[in-house]
Every structure is written in structure tokens, then in C-alpha cells.
Amino acid sequence: MIIRISLIILGWQACCSAGREATEGGAGTVECNVAVKNCSCRDNTSYCYPKLAEFLEEFTNHYTHSEVYFLLQDDGPRELTAAGLMLMRRSPGRSIRFVHKTRESPPPLLPSPVYDKPVVVTTLSVVQDLSRSQRWSVGEDARQVAWLLLSRDLRPVLTQDYYFPLDNLLTFAVWKELCDRKIVELWEVYQAGPSLPYRSARVGFWTVPGSWSAESELCQEDPADGVPEKDVLGDGGEEAGAGGAEEVERFFPSDNIASRRRNLTGLHIRCLTESWEPFTHNSDLDDGAVRVGGYMGDNFQFMSDILNFTYTCRHAPDGYFGDFRNGSWSGMVGELIAGRGDVIVSALDNTYQRSQYIDFCLPSGSIIYVMVIRRPEPNMWSSFTRQLHRHTWFTVLAFVVLSPALYHLVVTRSPCHVPPSLRRYRKTPPSLFDSWFAVNTLFLNQGDLQVSGVSIRMCLISVVLTAWLIIVFYTSVLMSSLAVPLLSPPFKDMHGLLMAGTHKLGLQEGNSEVERMRTSQDPVLQKVWSEIVLRDPNNLVPSANEGVLRILNDRFAFLMDLEYFAYHRGSDCRLFPLPDHIFTYGAGMAVQKDSPLRMVFNDQILQQHVTGITDRNRKRHLPSPPLCIPDAPTALGLNTLLTSFLLLAAASVAALILLILEVIYSRYIKRTEPARTPVGLD
């Protein structure tokens with residue numbers, strides 16, 4: 001409380017010193033009205049930023065900053081302290097703090113933007129003093145937290161002593177006086193690289209309240225006064241507020257700074273790439289460089305045209321994407337970490353371990369990993385049973401067993417079980433065997449039943465409809481399966497691979513699937529990794545072609561990207577991709593850790609997704625879907641119909657055996673039955 005009171009007193013004295021008049025404004029604010037022309041803004045008695053508190057209130061409200069840090073040096077600037085105290089009274093819900101630094105103290109300790117949205121407010125003179133005394137770069141700190149620098153002139157910082165990265169969050173508020181009108185111009189400055197020219201542009205403005213007059217519109221601005229209207233050095237891109245302050249009183253730019261920083265002229269990017277169709281399809285050039293094709297190559301070239309940078313691409317020396325082995329990274333990831341490249345343009349998976357060392361951009365596509373095995377042979381024993389799932393077969397069996405019992409119960413308990421016309425011939429209800437035979441004949445739409453009673457008819461109708469649905473669905477699948485053989489792989493997922501125990505599992509060395517299998521928390525994947533993959537070192541193959549050869553020559557399942565498989569091996573009918581998706585992750589570009597390029601690349605990737613450029617290029621590079629079936633129908637082989645013939649043969653043999661048994665039984669009955677005495681007429 002004592003510190004707060006002392007700060008208020010200090011601000012009051014700073015506001016009302018040097019002949020200034022202090023008056024109480026509305027809502028309890030303090031206003032200082034002083035007319036000081038051509039002040040240096042480097043002492044604590046000059047009044048260089050009129051209506052500073054009102055400007056800060058509108059600025060922080062527009063960008064919804066929840067915390068405001070006022071960076072002060074020694075005992076000033078007092079004008080900034082007074083504005084901070086006024087803002088504290090105007091916005092009691094916002095956290096406002098004062099940070100005092102001296103020339104001997106360490107650089108400013110910045111707030112963390114994890115949970116809050118802070119902004120650091122200070123003057124350009126404070127930044128200049130700290131930069132000279134401590135060799136501190138405000139541009140680097142402004143990459144994480146937004147900064148607002150107050151000044152009367154922007155040009156003193158546009159020297160080689162300062163570096164403003166591409167993704168800095170600095171906003172320069174430049175106070176200018178045009179005759180009787182006072183405005184605050186908002187400027188942004190950035191560089192495509194440390195040694196490249198500055199790019200600056202006016203992105204917004206704010207008219208000081210009370211300084212607008214009709215004569216101001218007739219006043220022409222002196223180009224030599226303060227900051228010029230155009231870029232200070234070079235072309236800074238778009239200029240906000242066409243027509244200037246003559247149309248509106250204020251204009252604040254959007255939060256998306258990437259949309260305004262598209263001029264990377266002079267920047268040459270070192271690109272790392274590997275072929276991974278259809279993402280990238282590379283070809284070697286004469287000078288050892290690589291031309292990047294595929295839809296990611298087209299997208300990257302489009303970025304180069306929009307952002308106006310140049311690039312040279314090459315392959316990693318070992319040809320790998322990047323795997324952490326023996327304490328170091330291999331492939332493109334290792335080259336990027338070592339600083340021998342600026343960006344990776346390929347189908348690089350975003351894994352946790354890689355993300356600790358490099359930064360991934362927004363994904364350009366998805367990679368779906370599946371297991372590929374040798375195409376299985378059709379199973380002739382299941383030609384007529386695979387049309388329904390085993391659970392469905394169990395349900396059909398239960399229906400066949402239970403429906404006759406239900407019918408027997410209804411027909412024996414119903415008083416209308418025998419029609420009146422038949423009561424003279426049959427006066428007893430049917431037996432269980434008769435009920436079973438009657439219902440099962442209905443399954444095949446056969447039989448002749450004469451029944452009466454609503455309950456019996458409802459029971460038989462339900463039996464007929466259910467049987468009809470089963471036959472229709474079964475027949476429709478049966479026709480297609482006889483024309484196109486259905487394949488029955490030995491397993492369909494990782495759990496099936498583990499249970500079958502007939503195949504090995506291969507992975508491509510240096511790819512992300514190795515890390516995903518090794519670090520997976522799934523107990524099934526852990527068991528597959530330890531009991532199948534690690535058991536044989538040859539399961540880690542150096543290339544996809546080597547994995548395909550192992551598939552064709554051995555009981556081998558190889559983990560592959562589904563689109564890569566379709567591009568390279570989709571027409572090879574000897575291979576069969578299993579339906580289960582093992583991994584599905586986004587893939588695309590990556591840059592060095594904390595690289596400023598990530599911001600503009602993400603903005604371009606998002607624009608390409610929204611406008612449909614990525615989808616259009618991807619469809620253009622995808623191969624035609626493979627057809628591994630005959631072009632015309634062929635004659636059905638014996639293997640396809642063998643099961644039906646065997647069933648018919650078995651039924652015929654069973655019928656002959658039963659016929660022989662019936663004949664023998666009938667003759668036995670005739671021999672043992674006593675002769676009946678004929679009854680004569682009286």
C-alpha cells in the first residue's frame with residue numbers, strides 16, 4: 001500500500017511539474033494540459049505524449065491485454081509513470097505493474113504469456129539506453145511478449161545496432177503533430193534475416209482527442225517532419241488506413257502479424273528434403289542440388305513466389321528422415337539441428353521426441369501407417385460361409401433353434417390351433433418335431449400350413465419375414481463373392497499379428513514409426529516391439545524396397561504409409577494392405593527451434609488449405625486407384641464351388657444311409673409283428 005501511494009504521488013508530481021496544470025477529468029482521471037513544442041523526450045520534465053493514458057486504454061482494450069508492464073529506468077520517464085497510474089484508475093480489472101531498471105541491472109525479466117496476455121510499455125529512449133549499456137536486444141524479447149514503444153521518431157532504431165526478427169511483436173507508437181492536429185501512428189518493423197534490410201510500414205493510427213479541426217484537413221504534412229508516410233527503408237508491404245486520418249479517427253491492425261509480413265526479399269533458405277510420394281517427388285540437379293516435386297514441392301514454390309525468397313534444396317547425407325540413435329540424430333532432423341539447413345520440406349511426422357529439438361509447422365497432409373503382407377489366397381472352405389460374420393451365423397443358428405420352440409408353444413396353447421375343417425381328421429396338437437419341420441420349411445419359403453388364430457399367424461409371419469431378410473442379404477453377398485473372390489488374411493491388426501505368431505514385423509530404419517513403436521504406451525504395441533521386432537535385427541530394413549522384397553519372399557508384415565504404398569506399389573497385386581490403421585498423424589514442414597520462419601510458413605500453409613490449393617495439388621499428384629481384379633467375368637473354378645458340392649455329396653450319402661436303415665427297420669418290423677386275424681362280417 002505504501003509503495004502504491006508513493007507511485008501515485010510520484011506520478012502526480014511528474015504530471016504537474018514544469019508549469020503544467022493538473023485538473024480532475026471525468027471518471028476520476030487525471031489530465032495534464034501542456035503545450036511543449038519540439039521537446040527532446042529524453043528528460044523527465046518534457047511532455048511529449050498527449051493523452052497517453054487514453055491511448056493506452058484504447059490500445060489495451062482493442063488487443064484485450066490482461067497485464068500491462070511499464071518498463072521504467074532510474075526515476076523516469078515520469079510521464080509514463082503518470083499514464084500508468086491513470087490507466088490503473090481507468091481499468092481496475094487489468095493488472096498493471098511498474099518495472100524499474102537501471103543501467104547496471106540485468107535485462108528486463110519478461111512475464112510469461114502462458115495464461116495471461118501481457119504487453120510491455122516503455123519509451124524508445126529507455127530501450128536505447130538498455131541496449132547500449134547491456135547489449136540487450138528488444139527484438140528478441142519481443143518474439144514472446146508484445147511490446148509497445150513510445151517515440152517521436154522511428155528512424156533512430158533503424159540502424160545495424162538493432163535486429164527485429166520476422167516474428168517480433170513490437171508496435172511503435174509515434175506521436176506526430178500536423179498543424180493543429182495530433183495523431184499517433186502505429187508502425188511495425190521487421191527483417192527477413194539478421195543482415196537483411198529493414199521492412200517497415202504504417203499499420204494504424206490514433207487521433208488525439210480534441211486535436212481535430214476543419215483547418216487540419218487543409219494542412220499538408222511536411223515529409224521531412226518525423227516518420228515519412230511510406231516505408232522508411234524498402235517496401236514494407238501494405239499500409240493501413242487508406243486515406244489516412246482524414247476518414248476515421250483511429251485504426252488498429254489485427255493480431256495476425258504474419259499477414260502483414262510477406263516481403264522476404266533477399267532471404268535465401270536452405271531446404272532439406274527426401275522423396276516421399278505423393279508429398280514430395282524429388283529429382284537431382286547437375287550442381288548437387290535437388291528439385292522438389294510432389295504437391296508439397298508445388299506448395300513450397302508457391303510460398304517462394306508469394307513471399308519473394310529464394311531456396312536451394314538437398315538430401316540428407318544418409319538419406320534418412322531422422323531417428324535418435326546412440327545419442328545423436330540422423331537424417332534431415334540431424335542436419336536441421338546442426339544448423340546445416342533452415343527448413344525441411346517433406347512428409348516429416350510430428351513426433352514428441354522430434355518436437356523437443358525442432359519446430360513443426362502446420363501439417364500439409366496426413367500419413368496413415370498400415371501393415372502390408374503378401375496377398376493371401378482365397379479360402380475355398382469358406383466360399384459359402386464368409387458372407388456373414390461369425391456372430392451373425394450364431395444369431396441365425398439361435399433363430400433356427402428357438403423359433404420352432406416358440407411356434408410349438410403358441411400352437412399348443414392356442415384354442416384355435418386346428419381349423420374347424422380339419423378337426424374331424426386331427427384332434428391332437430402337433431408334436432415338437434412337427435413344429436420344427438413346419439417352421440424350417442418356411443425358412444425356404446416352402447410348406448403348406450392351414451392355421452387359425454391371430455397369435456399363430458403373427459408367429460408365422462415373423463418367421464417368414466426374418467427368413468426372407470436373411471436369404472436376401474446372404475444371396476446378394478454370395479453373388480458378389482463368387483464373382484470377386486474375398487480374401488481372408490491371417491490377421492487384421494497388431495493384436496491378430498501377435499496372436500497368429502506366423503509373421504515378422506518390419507519397419508523402415510530412420511522413420512518415425514520406429515520411434516512410435518519404441519515409445520508407445522499401448523500394451524499390444526509394446527509386446528509386438530519387444531517380442532517380434534527386436535527379436536531379429538533384420539526387421540529394421542534400410543528402405544521400403546527392401547521391405548517389399550521381404551514381404552514377397554518371407555512371412556513378413558511391413559509397416560508402410562498407405563498413400564506411399566498406393567503411389568509405388570498400388571498396382572502390384574501380390575501385396576495386400578490390411579484394413580487396420582496402426583498410426584495416423586499429420587506430416588509436413590519443420591524449421592529450426594525458435595525459427596522466425598515458422599510464423600510466415602504457418603500462415604501460408606493455412607491459406608493454402610483454406611483456398612483449396614493443397615487439396616488441388618494433392619489430387620493432381622495422387623496415382624489412379626489400382627485394380628487387382630480381372631477386367632471381365634471369368635468362369636467359376638472348382639475351388640469356389642467345392643464346398644457346395646461337398647455338402648450336396650454329404651447330404652446324398654446321408655440320405656442313402658438313412659434309406660438303407662429305414663428298409664432294414666421296416667423288414668425287421670414285418671418279421672416280428674404278429675399276424676393279425678382278419679375280421680369277418682357277421
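The values are calculated or read from the model by the stated rules, or taken from the named source; none is laboratory data. Every value quoted in this text rests on a predicted model; they were computed, and no experiment measured them. Here Cβ is always computed from backbone atoms with ideal geometry, including for glycine, and neighbour counts include all displayed protein chains. Just so you know, the surface numbers come from the protein's heavy atoms only, side chains and all, with ligands and any DNA or RNA stripped out. Shrake-Rupley method; radii C 1.70, N 1.55, O 1.52, S 1.80 Å.
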Item to check | Residues within the stretch 324-333 that are crowded, with 23+ Cβ neighbours inside 10 Å and more than 21 Å from P278 (Cβ to Cβ), tallied | outcome: 1
Item to check | Failed item in (1) touching a residue at least 60 places away in the same chain (Cβ under 8 Å); (2) out of contact with any Cys (no Cβ under 8 Å at 6 or more places or on another chain), with D287 passing the rest | outcome: (1)
Item to check | Number of the condition not met by R262 [criteria: (1) part of a loop (DSSP other than H, G, I, E, B); (2) open to solvent by less than 60 Å² (accessible area, probe 1.4 Å)] | outcome: (2)
Item to check | Filter result for the condition that a residue is touching a residue at least 40 places away in the same chain (Cβ under 8 Å), within 21 Å of E277 (Cβ to Cβ) and either open to solvent by less than 60 Å² (accessible area, probe 1.4 Å) or outside any strand (DSSP E or B) (or both), over G339, G319 | outcome: G319
Checklist entry - Checking D359 against (1) touching a Lys or Arg at 6+ places or on another chain (Cβ under 6 Å); (2) surrounded by fewer than 16 Cβ atoms within 10 Å (Cβ to Cβ), which single condition isn't satisfied? => result (2)
Item to check | Cross-chain or 6+ apart pairs with Cβ under 7 Å, the stretch 394-413 first and open to solvent by less than 40 Å² (accessible area, probe 1.4 Å), then modelled with pLDDT of 80 or more and of a type in the set (K, R) | outcome: none
Checklist outcome for this item: Counting only helices (runs of 4 or more DSSP H) wholly inside the stretch 503-607, the ones holding at least 3 residues that are within 28 Å of the chain's Cα centre (by Cα) and of a type in the set (F, W, Y) are 562-569
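A quick yes/no check of all residues on (1) within 30 Å of C573 (Cβ to Cβ); (2) under 60 Å from the mean Cα position of the chain (by Cα); (3) in a helix (DSSP H, G or I); (4) modelled with pLDDT of 65 or more:
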position: F384; (1), (2), (3), (4): yes, yes, no, yes
position: H391; (1), (2), (3), (4): no, yes, yes, yes
position: V396; (1), (2), (3), (4): no, yes, yes, yes
position: S403; (1), (2), (3), (4): no, yes, yes, yes
position: V410; (1), (2), (3), (4): no, yes, yes, yes
position: S421; (1), (2), (3), (4): no, no, yes, no
position: F433; (1), (2), (3), (4): no, no, yes, yes
position: W436; (1), (2), (3), (4): no, yes, yes, yes
Item to check | Odd one out for L72 among (1) touching a residue at least 60 places away in the same chain (Cβ under 8 Å); (2) within 14 Å of V121 (Cα to Cα); (3) open to solvent by less than 20 Å² (accessible area, probe 1.4 Å) | outcome: (1)
Next on the checklist: Pairs please, first residue from the stretch 134-153 and over 20 Å from H65 (Cα atoms), second anywhere and of a type in the set (F, W, Y) and open to solvent by less than 40 Å² (accessible area, probe 1.4 Å), Cβ atoms under 7 Å, 6+ apart in sequence or on different chains.
Outcome noted: S151/F172; R152/W175
Checklist entry - Any residue in the stretch 517-524 that is touching a residue at least 60 places away in the same chain (Cβ under 8 Å) and either of a type in the set (A, V, I, L, M) or surrounded by fewer than 16 Cβ atoms within 10 Å (Cβ to Cβ) (or both)? => result yes
Checklist entry - Take the residues of the stretch 301-316 that are touching a Cys at 6+ places or on another chain (Cβ under 8 Å) and over 23 Å from Y564 (Cβ atoms): which is surrounded by the most Cβ atoms within 10 Å (Cβ to Cβ)? => result Y311
Checklist outcome for this item: Flagged in the stretch 182-213 as in a strand (DSSP E or B) and β-branched (V, I, T), in numbering order, are I183, V184, V189, V203, T207
Item to check | Checklist (1) at pLDDT 90 or above; (2) surrounded by fewer than 18 Cβ atoms within 10 Å (Cβ to Cβ); (3) not aromatic (F, W, Y) applied to L186, failing item | outcome: (2)
Checklist outcome for this item: Here the qualifying pairs (Cβ atoms under 9 Å; residues six or more apart or on different chains; first in the stretch 362-380 and farther than 28 Å from G297 by Cα and β-branched (V, I, T); second assigned to a strand (DSSP E or B) and at pLDDT 90 or above) come out as I373/F556; I373/A557; I373/F558; I373/L575; I373/F576; I373/P577
Next on the checklist: Looking only at residues that are in contact with a helix residue (DSSP H, G or I) (Cβ under 6 Å, 6 or more places away or on another chain) and among the aliphatic types (A, V, I, L, M) in the stretch 526-547, which one is surrounded by the fewest Cβ atoms within 10 Å (Cβ to Cβ)?
Outcome noted: V541
